[in-house]
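Reviewing the structure listed below.
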Amino acid sequence: MIDLRSMLPEELERYFQELGQPRFRAMQVFRWLHRGVESFDEMTDLPRALRERLGEDCVLTVPRVERRQVSKLDGTIKYLWRLGDGNCVETVLMRYKHGNTVCVSSQVGCNMGCVFCASTLGGKVRDLAPSEILAQVIFTKKDSGAEISNIVMMGIGEPLDNFDAVLRFLELVNHPEGLNIGMRHISLSTCGLVKQIDKLAGLGLQLTLSVSLHAPEDETRTRLMPVNRAVGVDLLMDTCRRYFETTGRRISYEYAMADGVNDSDEQADRLAALLRGQPGHVNLIPLNEVAESPLRPSRRVRQFQKRLESHGVTATVRRRLGGDIDASCGQLRRRRIAEGETHTPEEGST
Ligand code: SAH
């Protein structure tokens, strides 16, 4: 079966050519796909015979809303989608003054094993197809009625561990005949896979790369993020420097702050020293609680921020949205957690 929503316009052209169809069919179908059709019959300007043929050859990736939760605090919406094979992933719609942002997942589960993150519990089940990443944006937009101006690849999964599918997703979502989201409105967050960061740099995309740093020294970083065993802070920072030199794009460093683990003044000093000589920006994330993790939120976020600023490092504190529905960083899961644990039942809403 052909995964139609994963296809680029030139691939659709080739396919329709094989079917003996006129060239313009490709763009006609591309537009329908990106507008969120759920069946071939909705493509009303296609001849019936062609719609039937598509029905035989192709699948239309249509995730179903398994659960929709709306934050009473700030209107954030969290979707749990059921995919074609029964697996689930989450997507979050956040509303900011400067526009709506969708946070998408790139894998079912995650293999990276960061100790503070719910998405990695149980490991990775599989990668998402480009259509399954794209469909999160299309159907979040369709279901909520919200215009989407920004995308962050900060949901479940390590995007650079699903490199080809993620790149294709970027091409699709950026396409002028599709959702037309500019690269400068897209952020991609990685735990720091250096080979893939180099590969990404070579493509010269104008997206914002966010790197999950979380500690300035190997000992602490390895304790928080097992991936650090293979890479290490020095190699990661060298790679980041190269990324900036190649692309001219400043990196945003994420730093989730855990009580007594990575929030001391000495660590702020070390972090500032690491960033010396490269224009970067630190985004401090007050740790969000995950029931399975022993780590607690830091009480020193503002002091840490001031300390960084005293060294001339710009640091912002990430706002916490969707706090009442577990929609914040590190809280997304590929399944419902057992009823009666820390969770309130769903709040259906339209
Ligand atoms: N796999 C990507 C995307 C992860 S989600 C990555 O590792 O960067 C985006 C950010 O949320 C990452 O910086 C991640 O480390 C952070 N995060 C994960 N769990 C968190 C938690 N419990 N509290 C705060 N931030 C968390």
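Here are some notes:
- Segment 92-119, residues that are buried (at least 24 other Cβ atoms within 10 Å of the Cβ) and of a type in the set (Val, Ile, Thr): Val92, Val102, Val104
- Per this entry, Gly157 is counted among residues that are within 13 Å of the ligand (Cβ to nearest atom) and touching a Cys at 6+ places or on another chain (Cβ under 6 Å).
- Complete set of residues in segment 160-198 that are in a loop (DSSP other than H, G, I, E, B) and either at positive phi or away from the ligand (no atom under 16 Å from the Cβ) (or both): His175, Pro176, Glu177, Gly178, Leu179, Asn180, Ile181, Gly182, Gly192
- Test: residue in segment 64-71 that is within 16 Å of the ligand (Cβ to nearest atom) and closer than 16 Å to Arg334 by Cα: no
- Taking segment 44-76 as the range and being under 32 Å from the mean Cα position of the chain (by Cα), part of a loop (DSSP other than H, G, I, E, B) and not aliphatic (A, V, I, L, M) as the test, the residues that pass are Thr61, Pro63, Ser71, Lys72, Asp74, Gly75, Thr76.
- The listed residue being within 12 Å of the ligand (Cβ to nearest atom) and either assigned to a helix (DSSP H, G or I) or surrounded by 15 or more Cβ atoms within 10 Å (Cβ to Cβ) (or both), out of Ala273, Ala201, Ala256: Ala256
- Segment 121-152 - residue that is crowded, with 24+ Cβ neighbours inside 10 Å and within 16 Å of the ligand (Cβ to nearest atom) and, of those, nearest to Ser187 (Cα to Cα): Ile151
Rule-based calculations on the coordinates, nothing more; no lab input. Predicted, not measured: the structure shown is a model, and the values here were computed from it. Ideal geometry is used to build each Cβ from the backbone, glycine not excepted, and the neighbour counts take in all protein chains shown.
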